[in-house]
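Colleague: One structure is given below, represented as structure tokens, and several questions about it will come after.
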Amino acid sequence: MGEGVSFGFPELDKKLTKLRVEETFAKYRLYKYLTFEERETSVTTSPEERFHGPTNQTSDQTAQAAVYNVDEQAKRKKFCERVENAVKGLPAPERDLIKKRYLAADSDYKTDYSVYSFEFDPPISETKYSKIRWSAMAKIALRLGMAVEKERSV
């Protein structure tokens, strides 16, 4: 077998793929750790005169708000479960790195340096950390269908 054999795996654009995965992790943290603000309906009457359109259309604010609240919460939960399942399928070192660096509630305040220097026992090198991180991100991107393939020159 010669060099450059890809075994059917696409060659990924590291920069763009990493960016997409990191955006997904940021969205995950928003959905997972920020409380969802439910929509409420107004039950007080307004003294302002309202001009309305056709009277054959009904509007049920309470039903619309309830449907939105249930649908939005279900959408967020499903998104988080998809990300968690993609991470759960990784080998232990990759899974641990992703959880520590990207999925924790305080991940926005962590740096790569703080993770590879202080959160691994024993600490790992920056090079090893970068290899593990890229391997994990490539697998997650492929599992979630967000991998960006390199442009092939013809």
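Colleague: Enumerate the amide H contacts of L12 below 5 Å, restricted to partners 5 or more residues apart or on another chain; note that Pro and chain-start residues carry no placed amide H.
Modeller: Excluding prolines and chain starts, which carry no amide H, the hits are K150.
Colleague: Counting only Cα, what are the radius of gyration and maximum Cα-Cα distance Dmax of segment 105-154, in Å?
Modeller: Expressed in Å, the Cα Rg and Dmax of segment 105-154 come to 14.4, 47.
Colleague: Size of the dipole of segment 87-154 about the Cα centre, Lys and Arg at +1 and Asp and Glu at -1 on the beta carbon, nothing else charged, in debye to 20?
Modeller: That gives segment 87-154 a dipole magnitude of about 300 debye.
Quick note: the coordinates plus some simple rules give every number you see, no bench work behind them. Keep in mind that this is a model prediction, so the values were computed, not measured. FYI the Cβ positions are ideal-geometry reconstructions off the backbone, even for glycines, and counts take in every protein chain you see.
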